[in-house]
Amino acid sequence: MFAYIVRRVVSGIILIIVMSLVTFLLFFASPIDPARFACGKNCSPALQEQTRKALGYDDPVFVQWGDFLKGVVQGRDYPSDPALRKTAPATIAHCPAPCLGYSKLSNDTVLNLVKNAFPVSLSLAIVAFIIWISGGIAFGVIAALKKGTIIDRGIVGISLVFFAFPTFFVGLFLYQFIAIQWQIVPIPNYVSIADGGFFTWLVGLLLPGLTLALFYMAGYVRMTRAFVLESMGEDYLRTANAKGLAPRKVLVKHSMRAALTPLVTMAGLDLASLVGGAIITETVFNYNGLGKLAVTAARNLDLPLTVGIVLLLATFVIMANIIVDVLYAFIDPRVRVG
Amino acid sequence: MTSHDTTASPATSAPVPRPSSSDALLSVRELAVHFPTSDGVVKAVDGLSFDVHRGKTLGIVGESGSGKSVSSAAILGLHNPARTRISGEIYLNGVDLLTLSSEQMRKRRGREVAMIFQDPLSAMHPYYTVGNQIIEAYRVHNDVSKKAARERAIEMLDRVGIPQPDRRIDDYPHQFSGGMRQRAMIAMGLINDPSMLIADEPTTALDVTVQAQILDLLQDLQREFNSAVIIITHDLGVVAEMADDVLVMYAGRAVEYGPCKEILTHPEMPYTWGLLSSVPDVKGDTSARLVPIPGNPPSLLNPPPGCTFHPRCVHKDKVPGDLCWTVEPRLEPGQRGPGHTKRCHLTNPDDIYATEVLPEVAPGLVEES
């Protein structure tokens, strides 16, 4: 088991390094001249060249990629010029390890920008996750038990409606009616737990969390329903019934236990990609999370920031994959051996 | 065998005598299991009657879809009442199971009547240890501590021949071999000492070498616990070895019923003849061709009129007129006395069997019985 985890982590790290190279290559395949945008609006050709040199954009791609990897481990200076460091240290921006790049537009390291946005996205993802998992599984099981009835069709139909509506519509709808018109909850606003306590934090996240959860829930309702129904046709469920177990115990211990396995996989991956930012929801509710940061970076053609966020997202997904695979071994004893 | 012949007499004509409590342990009378579907009613089992006595074994034989497993699931009350129509009477220890509430039935399931399933790998939950599942079966019906239940489970595993049961109890089903899994299933089925055990093709998924061991084990345990056993199979070899009585099913109906030796030596129904002729002969002439039964089992939605077997029957021309096409034969005693009933219009089946069918039948099977 331990060897398996080590193997997965090592292959995960290799995957992240490859991912960074691909991101870099894509970055340079774009027709945008990064130096021009890093330099600002009123930029003379001379100044543009200077910026290009300062940020290292004049080097070949692979050299830049090497510098980037080195920066992750060691940190780096912008511009990387030992002579300038001695004569005019004020003109040098230092990016300490692990350096994911430097955004000239924001005059800050990518890591700092991400660090500020990450708790927002993480909080949002957690709240949404809890709503959609509990709701999705509960409604999915109910639909499975009432298969073919009006309740089943109602649940599946309504969840499909929420899935079909775009997030910005559901988000704006909730915002407009629940927060503004009926004032059931205050205007959603992110307050960290450290600043406002748990309750304020939670209330601030309720509407955007619900918006995201309603979207994801549809899939989970249908999946749970399908997996529970599938397990009900299994021979081992007939065995459980033949033992004389109470129906509730058959459902919870035997049927839902079997349905859990595929759900864990899905949930892990969905959560990971959501931690990387919910672009539309964060924009609708004006939350400064990773999703909004990514949109801003793309809109301003802030390429170092874009690369940083893409890499971070890829890392989350790869990590989630490893965690899910390891969890799988605990959930399914058949995976444990070998 | 002789005293048994008289008691095993099945109901052949209405009105059906209500069995007294001193009679058979399990009495099934005119059992019908129908599944209403959008295409019509599937009559999976119809007019089925049989008895099983304590310490005796009934073999139910028939091909896939003949209603063997459906009727056993009905005895356990495993059918979804919303999608099944069940009628008739199933007396177990003098109580009609079909009149019980689902909760009353649940309390009997696993305690008075238990079942062993065909494929032990899929019949055990892959995510729980063998011990967990056996202990669960015991604790449903016995209010004992986990520790006491565990000891009982180890004892049962030991009894069914699992080596090192105190260690293997914590294994998962996939860590067991096929034969061991079936032994564990038997331990699970017998842990509550049920008076009635239904084994649904218990050896079909197993290696031939393991099959004999499992059958021996079942016989030993039956003797030890003096339980009644129904063994469902399509393997006449299993029937010859295990059964005291045989019930041959076709298209949801009993077509021949009687003492095992009788049925195997003097079958009177062409379908039984077909089954016997299709058993390979491993002792005699191995190059001899098997004689298959022509055609396919009928649709249970639209069973053929008259005798359900007539489209596949090669002897129907020996019945005068169009009786086979128009009149469904009743399950009645044939030429060999009241203990042996068959559903067939043939008036002289014994002669036909002796002259036309017997040469095709592998001799080993009949000798064994």
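The values are calculated or read from the model by the stated rules, or taken from the named source; none is laboratory data. Note that the structure is predicted; figures quoted are calculated from it, not measured. Every residue, glycine as well, gets a Cβ built from its backbone with ideal geometry; the counts of neighbours run over all protein chains shown.
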Legend entry - Conditions (1) under 23 Å from the mean Cα position of the chain (by Cα); (2) surrounded by fewer than 21 Cβ atoms within 10 Å (Cβ to Cβ): number failed by B:Thr355: (1)
Legend entry - Top-ranked residue of the stretch B:110-127 - restricted to ones that are surrounded by fewer than 24 Cβ atoms within 10 Å (Cβ to Cβ) and outside any loop (DSSP other than H, G, I, E, B), ranked as farthest from the other protein chains (Cβ to nearest Cβ): B:Leu121
Inset, instruction - Identify the residue in the stretch B:74-109 that is in a helix (DSSP H, G or I) and free of Cβ contacts under 8 Å to residues at least 12 places away in the same chain and, among all such residues, is farthest from A:Asp332 (Cα to Cα). - result: B:Thr99
Legend entry - Within the stretch A:167-192, tally of residues that are under 23 Å from the mean Cα position of the chain (by Cα), free of Cβ contacts under 8 Å to residues at least 24 places away in the same chain and assigned to a helix (DSSP H, G or I): 1
Legend entry - Test: residue in the stretch A:106-115 that is assigned to a helix (DSSP H, G or I), among the hydroxyl-bearing types (Ser, Thr, Tyr) and surrounded by 18 or more Cβ atoms within 10 Å (Cβ to Cβ): no
Legend entry - Single unsatisfied condition, A:Val307 versus (1) away from chain B (no Cβ under 11 Å); (2) more than 28 Å from A:Phe169 (Cα to Cα); (3) surrounded by fewer than 16 Cβ atoms within 10 Å (Cβ to Cβ); (4) among the aliphatic types (A, V, I, L, M): (3)
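One line per residue, one yes/no per condition, for (1) within 14 Å of another protein chain (Cβ to nearest Cβ); (2) at pLDDT 90 or above; (3) under 30 Å from B:Gly94 (Cβ atoms):
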position: B:Pro165; (1), (2), (3): no, yes, no
position: B:Asp171; (1), (2), (3): yes, yes, no
position: B:Arg183; (1), (2), (3): no, yes, no
position: B:Gln219; (1), (2), (3): no, yes, yes
position: B:Arg223; (1), (2), (3): no, yes, yes
position: B:Ser227; (1), (2), (3): no, yes, yes
position: B:Asp235; (1), (2), (3): no, no, no
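Collect the residues in the stretch A:152-166 that are of a type outside the set (S, T, N, Q), in a helix (DSSP H, G or I) and either surrounded by 15 or more Cβ atoms within 10 Å (Cβ to Cβ) or out of contact with any helix residue (DSSP H, G or I) (no Cβ under 7 Å at 6 or more places or on another chain) (or both), keeping them in residue-number order.
Taking the stretch A:152-166 as the starting set, the residues that turn out to be of a type outside the set (S, T, N, Q) are A:152-158, A:160-166.
Remaining after also requiring in a helix (DSSP H, G or I): A:152-158, A:160-164.
A:Asp152, A:Arg153, A:Gly154, A:Ile155, A:Val156, A:Gly157, A:Ile158, A:Val161, A:Phe162, A:Phe163, A:Ala164, listed by residue number.
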Legend entry - Selection status of B:Ile75, crowded, with 18+ Cβ neighbours inside 10 Å, away from every other protein chain (no Cβ under 13 Å) and modelled with pLDDT of 90 or more: no
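Quick check: is even one residue across the stretch A:249-268 under 13 Å from the mean Cα position of the chain (by Cα) and outside any loop (DSSP other than H, G, I, E, B)?
Keep residues of the stretch A:249-268 that are under 13 Å from the mean Cα position of the chain (by Cα), which gives A:267-268.
From what's left, outside any loop (DSSP other than H, G, I, E, B): A:267-268.
Within the stretch A:249-268, one or more residues are under 13 Å from the mean Cα position of the chain (by Cα) and outside any loop (DSSP other than H, G, I, E, B).
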Inset, instruction - Report the residue count in the stretch A:226-248 for those that are part of a helix (DSSP H, G or I), over 15 Å from A:Ile142 (Cβ atoms), of a type in the set (D, E, K, R) and within 12 Å of chain B (Cβ to nearest Cβ). - result: 2
Inset, instruction - Residues being in contact (Cβ under 8 Å) with a residue 40 or more places away in the chain and under 15 Å from the mean Cα position of the chain (by Cα): count how many of those fall in the stretch A:284-302. - result: 7
Inset, instruction - Spot the failing condition for B:Asp143; the list is (1) in contact (Cβ under 8 Å) with a residue 12 or more places away in the chain; (2) assigned to a loop (DSSP other than H, G, I, E, B), and only one is missed. - result: (1)
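Each row is one residue, and each column tells you yes or no for (1) touching a helix residue (DSSP H, G or I) at 6+ places or on another chain (Cβ under 9 Å); (2) among the acidic types (Asp, Glu); (3) within 30 Å of B:Ser38 (Cα to Cα).
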{"site": "B:Asp245", "(1), (2), (3)": "yes, yes, no"}
{"site": "B:Gly252", "(1), (2), (3)": "yes, no, yes"}
{"site": "B:Gly258", "(1), (2), (3)": "yes, no, no"}
{"site": "B:His266", "(1), (2), (3)": "yes, no, no"}
{"site": "B:Met269", "(1), (2), (3)": "yes, no, no"}
{"site": "B:Leu276", "(1), (2), (3)": "yes, no, no"}
{"site": "B:Pro297", "(1), (2), (3)": "yes, no, yes"}
{"site": "B:Leu300", "(1), (2), (3)": "no, no, yes"}
Legend entry - Test result for A:Glu282, of a type outside the set (S, T, N, Q) and under 30 Å from A:Pro98 (Cβ atoms): yes
